[in-house]
1. Using a 10 Å cut-off around each Cβ, can you sort 294, 252, 273 from fewest to most neighbouring Cβ atoms?
2. Could you give the dipole magnitude of segment 148-247 about its Cα centre, charging the beta-carbon of Lys and Arg +1 and that of Asp and Glu -1, in debye to the nearest 20?
3. Of the cross-linked pairs 112/192; 112/148; 148/252; 273/298, which ones have a Cα-Cα span greater than 22 Å in the structure shown?
4. Quick one: if you stick a label point 7 Å off each Cα along the C-beta vector at residue 291 and residue 26, how many nm between them?
5. Which of 222, 131, 208 sits farthest toward the positive end of the charge dipole of segment 130-240, with +1 on the Cβ of Lys and Arg and -1 on the Cβ of Asp and Glu?
Amino acid sequence: MKGSSREECPPDKIVYDPQRGSRICISTGEIIEEHIITDEGEWRAYTPEEKMKRARVGGAVSFSKPHMGVEAHVGPYRDPGNKKIRGLTKRAETLRLQRILKIGRISNSVEKSTSHGLSIMDDLAAKLDIPENIKEEAARIYREAAHKGLTRGRGTEAMVAATLYIACRLSKIAISLDQIVRMLKSNEIDMKREVSRNYRLLVRDLGIKIPVIEPERFVYNIASALNLPENVVVEAIMIIRDAKKRGIPSGKDPSGLAAAAVYLAALRHGFRKTQKEIAQVAGVTEVTVRNRFKEITKALEIEESNL
């Protein structure tokens, strides 16, 4: 540090000299700082158009894109000045660099399998209409699992489904495991069993704390899909709250409890929806709806014959 301090020289009078790596006060000519390491551009731009043209910046790093969204390319026979490369030797060097870059991209088995998993995740997230930020979180979890070797020897589809389900649970998005599994091409029963195993594995080995989703969050989606009116929604939420007060647990299967409450509320208001219809919309089995319905009617002392 030399000369006057920053406080003695107005900030708008301090300029940076890239040749000397110093900050200088243009009023007094004194050096404020020396030997500065800066990330400022070494080029000058006098208009916004020049600044945009000369800026060197890429897109944001993304977990859901191959190679984290950071790509490198060796152009076809052109130098940094965009002039055609002349001479066989230089062309051969360009081809060699292109070949090395291509081999480097696919040589990492973890990145190769991760790229395949992320492509499946893109399709699955699009089918489920999952927001981009939720997909990004699922991709982050998938990458972490891959680097820790948790994806090795396990089906890619099932692992992707498990990470998406975890991301939805972390954000308290009302999507059931059955809804996710239904979008996969494999046998639903076997796939659900495998996804469930992967879900428990990831939660345990990655130390993820899953928040409890309140069953009330599922009610509106179920009622809306069945074209049920608002009064059925209100009734179903009241049923859930009464059931919880009577000791019925809601954290284990919130979508099942919500489905049963909607079924009961619909019956009370004269809407004859079958348990099968509601189960399909809620993404649970018909057996789950039936069992949860029996639990609710017993806890609330409701006679099924009176419905």
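Values quoted throughout were computed directly from the atomic coordinates according to the rules given, and no laboratory measurement underlies them. Computed from a predicted model, the values in this text were never measured in an experiment. All Cβ positions, glycine included, derive from the backbone under ideal geometry; neighbour counts span all protein chains shown.
1. Numbers: 294 12, 252 8, 273 19.
Taking fewest neighbouring Cβ atoms as first place, the list is 252, 294, 273.
2. 560
3. Those over the limit are 112/192; 148/252.
4. 7.6
5. About the Cα centre, the residue reaching furthest to the positive side is 208.
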